1. Dipole of chain C (Lys/Arg Cβ +1, Asp/Glu Cβ -1, origin at the Cα centre): which of C:LEU221, C:ALA119, C:GLY29 lies farthest to the positive side?
2. Do you know the relative contact order of region B:4-79, to the nearest whole percent, from alpha carbon pairs under 8 angstrom that are 6+ apart?
3. Counting only other chains, what is the mean number of Cβ atoms within 10 angstrom of the Cβ of each residue in peptide C:97-103?
4. Counting helices only, and only those DSSP H runs with n ≥ 4, report the 222 nm mean residue ellipticity of chain B as the sum of -39,500 (n - 2.57) divided by its residues, in deg cm²/dmol to the nearest 500.
5. Sort B:49-61, C:111-123 for me by packing, meaning the mean count of neighbouring Cβ atoms within 10 Å per residue, highest on top.
6. What order do you get for A:THR368, C:THR66 when you list them from fewest to most C-beta neighbours inside 10 Å?
7. What FRET efficiency comes out for A:ASP411 versus A:HIS174 if R0 is 41 angstrom and r is the Cβ-Cβ distance? Round to the nearest 0.05.
8. So, with +1 on the Cβ of K and R and -1 on the Cβ of D and E, and no other charges, what is the size of the charge dipole of the protein assembly as shown about its Cα centre, to the nearest 20 debye?
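Where a number appears in this text, it was derived from the coordinates with a stated rule and is not lab data. Note that the structure is a prediction, hence the values are computed from the model and not measured. Glycine also receives a Cβ, built like all others from the backbone with ideal geometry; neighbour counts cover every protein chain displayed.
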Amino acid sequence: MEHVRSFFAGERKDDHNTIGVSEQRTDIDGHVTGRTRYYADRQFPGMLHLKMVRSPFHHARILSIDTTAAEKMPGVRAVLTHRDVPANIYTILKLIQVEPDDEPVLAEGKVRFKGEAVVAVVAETEAEARAAVEKVEVEYQELDPVLDVEEALKPGAPLVNEYHGHNYFTYEGHHCRRVRHGDVEKGFAAADFVLDERYESGPIEHAPVETTGCIVAPEANGRLVCHSNTQALFFTLDNSALILKVPFQKLRLVGGTVGGGFGGKVDVIVEPIAMIAAMRTGRPVKFAYTREEEMQVSSPRAAERIYIKDGVMNDGRIVARQIRLYVDAGAYSRHSPYGTTKAAAHMPGPYTIPNVHVDCHCVYTNRTPSSAMRGFGVTIGDFALEVQMDKIARRIGMDPMELRILNAYRDGDMKAHGKETSGAALVEVVQAAAKLAGWPLSDKALAASSVKREGT
Amino acid sequence: MVRIPVTFTVNGAEEGQFVEPGALLVDVLRDRLGLTATKTGCGQGTCGACSVIIDGELKLSCLIPAGRVTGASIETLEGLAAGGAPHVLQKAFAKGFAAQCGFCTPGMIMAAKALLDRNPDPGRGEVVEAISGNICRCTGYEPIINAVLAAAADLRAAKSA
Amino acid sequence: MALDLTRVDSASRAAAMLAGDPTARFLAGGTLLVHEAGSGAGEIHRFVLSDGLGFDRIERNAGKVTIGAAVTMAKVAADPALAFLKPVADSIGGPAIRNVATIGGNLFAPAPYGDFAVALLALGATVAVETAAGEKSVDLEAFLKARSGHRAGLVRSVTFDQPADGAFRFRKVIRKHPRGAAVLAIAAVLPATGGKLTGVRVAYGAMAPTAIRANAVEKALEGKALDAAAIDAAVKVATEGTKPATDAQATDWYRRQVLPVHLRRLLAG
């Protein structure tokens, strides 16, 4: 592998000595011997198993919950409903002022997605917990669901999440994240042609080989220790303390080894209810997702729908870009309001475009709540942006790499967000990639530079 | 609940347990014998994380009722390092970055061992076939395939030395 | 309620037990039933084990092949005299699955699984079933239509005529490589006498709830030479009688779209 030192040589010292050196991973000896400890690789005498009663409907009112038959089942030690949760409504990012609280630990009055947790059954064995789950009686009144982001924003659409009052997250009084720069209508009018396209992605499940889970055990000093495979120990600690209404120091979170996360284990979902179960029974409690729950109930990457309308000159300059982007948050916020903000910050891509108009909506639907996954908020947007660039290149018969170089930010260019570009390097990356791939570039493209736009 | 006695050897050691007939072998290995290298990933036999070798054949311990292994000889990852020295496969995986989160690794190594026990000189296609029942979500499989080929080469070199 | 494992010393004892207990199942490889017992609504409480019943033999007799119900995919794949079935056996699961998955069990695998049953259907196999009233032989096609009755008896073996060299063809379309569940599977036995196809049998997998015969395709090919015109005629009626499902592998629409493409490739060799 070549370390290309010539680019931006004047901007940094050439004293890198760890790049290009191979080091063995510190954890790999544990992995290849089986000594690496995942949360479930520990023994807790007297451990109970928690299984969840889940909504079979996308959208329904809960008319009644009857746990008496389940409580009598063999091996059952506790059956928990929303009444057993000290502070039942929370939002995972409340400590960084993402509001309002909009998600229950156990459903109260309503279920908003198929698979939503309603009643927790705690028993001596998994089989006994599963059998008792079948005996919990929940009476539902089905409601019309809305399963499409644009349908959800139409007047008269079913209201998914009453804590918001409408099917979108409110950003400081606005119905979406907005970026405004120049005047796109003027830009379209002046363009040689307009390209208006729609892009779409489905929800994507991380499918880690290790499913989500935790074991909570009461400790002798009155604390709870929670062994979890969460990627976000502090999110879990903070939110659990708020949900349980206990001081933060009552909880000890032990984690660090995750059997595949990819962003799918950053929601605080299994720990709070397992903690409540441990407090109630005074015994260790394990709550592990089955593979089926991991696939359908655990959060996926949000589905997105993106409309990109570009005004383009025949020489390849993009003079106007209008973007309407919808993030399908599913029934609850989780990390989607943050992801949608990132999407807005990422548009219109690393290109200098004089007229930009971006609306990014975080939309609630009756689908499985989506959340973080590898570059969430940005990854799908990039797919749409770069396919759009390829389509432009094909339309005008221009080399797709040259099109990127032509439109790329240069240092000093004003971005659509009102910040001046500095430290841009897209031009050099394209040049280096083209060289590695043996992709011929014109002399003009090879002479381009991020530091200065040619002809200025 | 009625329990039945089962006796079998694990990694050369004789074991005896009273188990519920329907208990799964993977749970007996993990919870009774403390051999937690073998993992549960799906409980359906589709991910391979629970792979073990029984009487010389690669099998999925999440699909085997413990009552059925009486008299069997079971190998798990814990048995690979003879007298503390790492097995050639373990060294090759470590050197070749063939693990990231590590959760699929025990199953992968057992699948690779089952291959190399029968075929000391596999081609790349045979390695791919040998791990075709093991899912990895982290590495993209290439480092694993390369590690198995490297281990096979090391084993052949050691034999001819 | 806990799960019991029962070993019996005869097939008739096993059949009687299954007939008398609706919560009992016959367990061979367990690739379907063990998970079902562990995750279902508590319908399975007893496994009658295939161990020791002698269902694990492959026998040949005057051109007829009999494969015991407990013979594994690995064993079939390793048998040189069954080389024509190796691609079928090898297409199922990964090596660990093939070490335990059985020919008998595959007859009960729901779509999109059950690829070996597709091959057996094309081979015109019969199934030896042990019932409470003794042993009987059932045509595989009829067996598949009625298989949801757990108390119908237990499968001892399957029997089929060894096809002429080169007459058997198999094609399985997958999305997850190198091994995955079928988008669709096609098996065909194309015997030729004097250049004309006689006794053509074509079967599909994952194009209906069970493996099915492609009757319209068979009719289009029967008595003809396997030439471009015959292949065109067969491909034209490829999807007749199919009722594919939408599942994690493919939609019903997709299966119907690509079936003719793959049938053509199978027939053209």
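1. About the Cα centre, the residue reaching furthest to the positive side is C:LEU221.
2. On the way: 149 pairs, mean separation 31.3, N = 76.
Computed value for region B:4-79: 41 percent relative contact order.
3. On the way: counts 9, 4, 10, 8, 2, 0, 0.
Rounded to a whole number, the mean comes out at 5.
4. Details: 4 runs with 48 residues, N = 161.
Computed mean residue ellipticity for chain B: -9500 deg cm²/dmol.
5. On the way: B:49-61: 24.5, C:111-123: 26.9.
With the highest mean Cβ count within 10 Å placed first, the list reads C:111-123, B:49-61.
6. Sorted ascending by nearby Cβ count, the order is C:THR66, A:THR368.
7. Values: r = 31 Å, r/R0 = 0.76.
For R0 = 41 Å, the calculated efficiency reads 0.85.
8. Working: 101 positive and 100 negative charges, 155 e Å.
For this selection, approximately 740 debye.
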